[in-house]
Amino acid sequence: MAPDTADPQTAMSFVAESLPGQTFGFGRHETFPFRYGWLKKAVDGVSTDPELFRRPDAIVILGVGKNMVSSIRHWGLASRVLVESSRHSLSVSPLGSALFQRWDPYMEDPASLWLIHYLIVTNAHRAGTWNIAFTRLVRPDFSKHELLTAITEHVQRAGQRASQATLKRDLEVFVRTYCPSAIDSKSLEDSFDCPLVELGLLSRFADSDSFRFNIGPKRTLPTEILAFCLGAYTSVVASGRRSVSVHECLYGPGSPGQVFKLDENAVMQYLEDLESVTDGALVVDDTAGLKQVYQRQSVDFVQLLDSYYSAFSR
């Protein structure tokens, strides 16, 4: 059953339940990374008509080509701003409603891009390549062949099947999600960059099919966004515990350190800032040589985002 879309406070549990990802999903994006305006189109459209993407005139309503209609649907689900409420209809998720109908409808704040990036990367079921690349790939630099090999191994280890052709197409879309289009792009349609290019997470080596994650501080990543993601992460890996180690926050699969490609100094700075942002509810302490983040009292992580965006809009 889909979460109550009228209540953004259910967003945290919704994300946390989605994190483990029992299976890897590939394709369904019709070879398009998402573009500016697509996710808002998805949220606005489904808010009006839950069966929008089944309508023969969806191309007219959304103002895009037929393949792009399917791609918008995919990215709406991959980013978790949409959820499947039944076999034939979709609904807007609590986060989708809060982000695109209240907080930042036109994604003017880079914080929104970081949040969408996090939601996609941790959604292994619908964005398997993104999940594997950001949360399970150990090396900071890699070639397309090396990433394809890593994806194939994870698929086999999970007992799944996926054709090499599908995985190669997925890999190409993954690269175009984070790297600017080539100047000599064959088609104007292919030259529109994904908004996540702005995050500067991935660089291509000159004249090469090799890439490097840009690990280090992220100037446009607010502490409140990291806190929200840390809350979802710890609800899975530290369920029943009131603490999580800094090492887990930095290196754990799906951790903020891995998803945002932060180095140790950057993670420590964010974790230390949490005490101020959460009014002392979260603190970093060093006990017996082990640095950990302790939760002294419950934290409403969605309210943190609400407060952040309220300040941004003023």
Evaluate the distance, in nm, between pseudo-label points positioned 7 Å from the Cα of ILE59 and of SER245 along their respective Cα→Cβ axes. 5.5 nm
Quick one: accessible surface of GLU108, probe radius 1.4 Å, all protein chains present, in square angstrom to the nearest 10. 130 Å²
Pulled fully out, how much extra length does the chain show between GLU51 and ARG204, if you take 0.36 nm times their separation in residues and subtract their Cα-Cα distance? 51.1 nm
Tell me, what is the 1.4 Å probe accessible area of THR149, in Å² to the nearest 10? 60 Å²
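Students sometimes get this wrong: rank ASP286, ASP193 by accessible area, probe 1.4 Å, all chains present, largest first.
Of ASP286, ASP193, the descending order of accessible area is ASP286, ASP193.
Of the trypsin sites (Lys or Arg not before Pro) in region 72-128, which ones lie in a loop per DSSP and count no more than 13 other C-beta atoms within 10 Å?
Passing sites in region 72-128 are ARG87.
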If you roll a 1.4 angstrom probe over the protein chains with everything in place, what fraction of the accessible area of the chain belongs to carbon and sulfur, to the nearest %? 49 percent
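Relative to the present Cα-Cα distance, how much length would full extension add between THR31 and ASN67 at 0.36 nm per residue of separation?
12.1 nm
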Set the bar at 30 Å for Cα to Cα. Now go through LYS261/LYS291; LYS144/LYS291; LYS66/LYS168; LYS66/LYS261; LYS40/LYS168; LYS41/LYS144 and name every pair that lies beyond it. LYS144/LYS291; LYS66/LYS261; LYS41/LYS144
I'd like the accessible area for HIS247: 1.4 Å probe, protein heavy atoms, all chains in place, Å² to the nearest 10. 120 Å²
From largest accessible area down, sort PHE53, PHE211, PHE192; use a 1.4 Å probe on the protein chains. PHE192, PHE53, PHE211
Using 0.36 nm times the number of residues separating THR166 and ALA288, minus their current alpha carbon distance, what extension gain do you get? 39.1 nm
The chain: relative contact order as a whole-number percent, Cα under 8 Å and 6+ apart: 19 percent
Rounded to whole Å², per residue accessible area for the chain with a 1.4 Å probe reads 47 Å²
What does the net charge come to around LEU201 if you take all other residues with beta carbon closer than 14 Å to its beta carbon, with K and R at +1 and D and E at -1? +2
What distance in nm separates the two pseudo spin-label positions at ASN265 and ASP279, each 7 Å out from Cα along the beta-carbon direction? 3.4 nm
Determine the distance separating the Cα centre of region 21-85 from the Cα centre of region 229-262; give it in Å without decimals. 30 Å
Label corresponding to mean projected area of the Cα convex hull in nm² when calculated from the structure given, among (i) 16.9; (ii) 17.8; (iii) 22.7: (i)
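The values are calculated or read from the model by the stated rules, or taken from the named source; none is laboratory data. Given the structure is predicted, the values throughout are model-derived calculations rather than measurements. A quick note on method: Cβ atoms are made from the backbone with ideal geometry, for glycine too, and the neighbour counts reach across all protein chains shown. Ligands, DNA and RNA are excluded from the accessible area calculation, which covers all protein heavy atoms including side chains. Shrake-Rupley method; radii C 1.70, N 1.55, O 1.52, S 1.80 Å.
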